[in-house]
Ligand code: SAH
């Protein structure tokens with residue numbers, strides 16, 4: 001079994017186990033079409049090893065730089081840019097920063113890419129605002145890599161582990177790049193927070209939008225909103241979005257993104273999410289609450305105040321299933337039960353897994369009926385085999401016939417045509433329960449899609 005397939009199964013199982021008893025169903029994990037080279041932010045420290053300039057990440061717990069290439073998860077062009085900067089620095093005998101002595105000039109490189117637009121931002125971190133040969137450096141680099149649309153020099157004299165210093169100077173292009181998520185535009189500068197894996201972020205946000213089931217009259221709260229990405233992506237489907245975010249830089253970036261998208265029904269408030277909820281609990285002015293807290297999860301007070309606001313749906317986007325499970329228990333205590341959950345693999349090649357959960361009031365998932373089902377067979381591992389994903393097949397079927405087919409329908413037809421090697425997997429727990437068979441009409445449409453994607457002859 002390819003490694004990525006195993007990784008997805010492990011992630012699915014981990015989320016399933018942690019949420020067992022809290023969620024009636026964990027949907028099949030949404031995997032990546034390409035589990036490699038997804039990181040759109042690549043960072044390298046520079047140093048000298050055996051008389052040679054090297055660039056890479058520090059070996060954990062040491063000051064030794066692991067030279068070049070990265071770990072296969074980074075954007076490949078970004079890695080090439082870093083390697084070429086090393087070549088330029090070598091050719092021009094540039095002085096390289098020494099971590100131990102604090103001496104030297106060229107310190108780090110940060111490359112950010114906007115996959116949707118192809119734009120690239122290079123941040124060159126140095127220790128002094130005097131950059132000898134800067135013009136030549138820029139000319140040579142852009143000559144080698146015309147895809148670079150902006151270069152920023154950042155001055156960092158700090159001795160701590162902060163990557164960037166406080167002062168920056170734009171020396172080529174506008175100093176930022178623009179990427180797109182679900183058709184909305186987002187500005188990325190040297191420091192701004194932005195999802196590392198753009199393609200998977202779109203899938204994550206789409207799932208959150210699906211769970212939010214928005215109607216045009218809905219007022220949405222986007223708590224822990226960062227630069228406003230989720231709220232802006234939801235803004236066409238609802239009446240208003242209020243974002244809440246603590247980091248002032250993220251709040252000002254969110255303002256920029258709102259203007260860029262002309263999202264006039266979105267506003268972002270700089271506040272602690274819990275404090276904001278407490279202050280607004282009495283007014284009950286939100287129909288849908290979305291929260292996307294950091295790894296520590298949210299607070300018991302947030303959950304209490306959220307229940308007082310009494311939204312009809314809560315969408316919890318979590319980057320840590322442990323704190324998610326803890327928070328779901330508290331939500332259940334306030335009358336909000338999880339009705340659906342879906343892991344999304346945002347960070348292949350790492351142990352991290354993101355999960356989207358839909359919570360709602362008054363749905364009875366009493367112990368007898370509650371079952372967490374991990375149906376490995378239904379997991380969308382197609383991409384790992386080089387096949388079209390379930391979503392692609394669904395979309396194709398819908399576009400050609402107007403029929404909505406489920407993962408289960410597709411799995412049934414794939415099994416019938418021998419595409420799923422069932423022997424490899426345990427039988428899903430649901431195998432003996434009644435599963436509606438695919439109608440002949442749907443079967444015909446799915447077969448046509450499988451032929452279209454050349455998965456069957
Ligand atoms: N939803 C965004 C960002 C999620 S990351 C996205 O998808 O891009 C979590 C965000 O929560 C960060 O931007 C962080 O600054 C913010 N945050 C952390 N603690 C907070 C708090 N107590 N109140 C409000 N926001 C907080």
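Report Rg/Rh for region 255-323, rounded to two decimals, where Rg is the Cα radius of gyration and Rh the Kirkwood radius.
Here Rg/Rh amounts to 1.00.
Helix 321-333 versus the longest principal axis of the chain: what is the Cα-based angle in degrees, 0 to 90, to the nearest 10?
50 degrees
Sorted by average packing, counted as other Cβ atoms within 10 angstrom per residue and highest first, what order do 439-450, 332-343 take? Display every interim value, and only then the final one.
Numbers: 439-450: 17.3, 332-343: 19.9.
By packing density, highest mean first, the sequence is 332-343, 439-450.
Taking R0 as 41 Å, what's the FRET efficiency between residue 215 and residue 158 from their Cβ-Cβ distance, rounded to 0.05?
0.25
Taking Rh as the Kirkwood radius computed over C-alpha pairs, what is the Stokes-Einstein D of region 41-188 at 4 °C in a medium of viscosity 1.567 mPa s, expressed in µm² per second?
For these conditions, the coefficient is 83 µm²/s.
Per residue and in cubic angstrom, what volume does the convex hull of the Cα atoms of region 203-256 have?
71 Å³
On a full-extension model of 0.36 nm per residue, what is the gain between residue 326 and residue 64, subtracting their alpha-carbon distance, rounded to one decimal in nm?
90.5 nm
By DSSP, what percent of the beta bridges with both residues in the chain are antiparallel, rounded to the nearest 5?
60 percent
At 0.36 nm per residue, and after removing the present C-alpha to C-alpha distance, how many nm does the segment from residue 129 to residue 83 gain when stretched out fully?
14.2 nm
What angle, in degrees between 0 and 90 and rounded to the nearest 10, separates the Cα long axis of helix 134-144 from the longest principal axis of the Cα atoms of the chain?
50 degrees
How far is helix 76-91 tilted off the main Cα axis of the chain, in degrees rounded to 10, range 0 to 90?
Approximately 10 degrees, to the nearest ten.
With N residues in the chain, what two-decimal value do you get for its Cα radius of gyration over 2.2 N^0.38 Å?
Relative to the rule-of-thumb radius for its length, the chain sits at 1.08.
Please arrange 319, 238 by counting, for each residue, the other beta carbons lying within 10 Å of its beta carbon, fewest first.
Result, fewest neighbours first: 319, 238.
Between region 237-278 and region 109-154, what is the separation of their alpha carbon centroids in Å?
Each part's Cα centre sits 30 Å from the other's.
What is the distance in Å between the Cα centroid of region 33-99 and that of region 164-193?
Cα centroid of region 33-99 versus Cα centroid of region 164-193: 21 Å apart.
Can you give the helix-only mean residue ellipticity at 222 nm for the chain, where every DSSP H stretch with n ≥ 4 adds -39500 (n - 2.57) and the sum goes over all residues, rounded to the nearest 500 deg cm²/dmol? Working shown, then result.
Details: 12 runs with 143 residues, N = 457.
The per-residue figure over the chain is -9500 deg cm²/dmol.
At 0.36 nm per residue, and after removing the present C-alpha to C-alpha distance, how many nm does the segment from residue 417 to residue 115 gain when stretched out fully?
Values: separation 302, 0.36 × 302 = 108.72 nm, distance 3.60 nm.
Between residue 417 and residue 115, full extension yields an extra 105.1 nm.
Mind ranking 344-357, 149-162, 220-233 by how tightly packed they are, going by the mean number of other C-beta atoms within 10 angstrom, highest first? Numbers along the way, then the final one.
On the way: 344-357: 21.6, 149-162: 16.0, 220-233: 26.6.
Result, highest mean first: 220-233, 344-357, 149-162.
Bear in mind these aren't lab numbers, they're just calculated from the coordinates by the rules spelled out. In this text, all values refer to a predicted model and were calculated from it rather than measured experimentally. Reconstructed Cβ throughout: ideal geometry from the backbone, glycine too, with neighbour counts over all protein chains shown.
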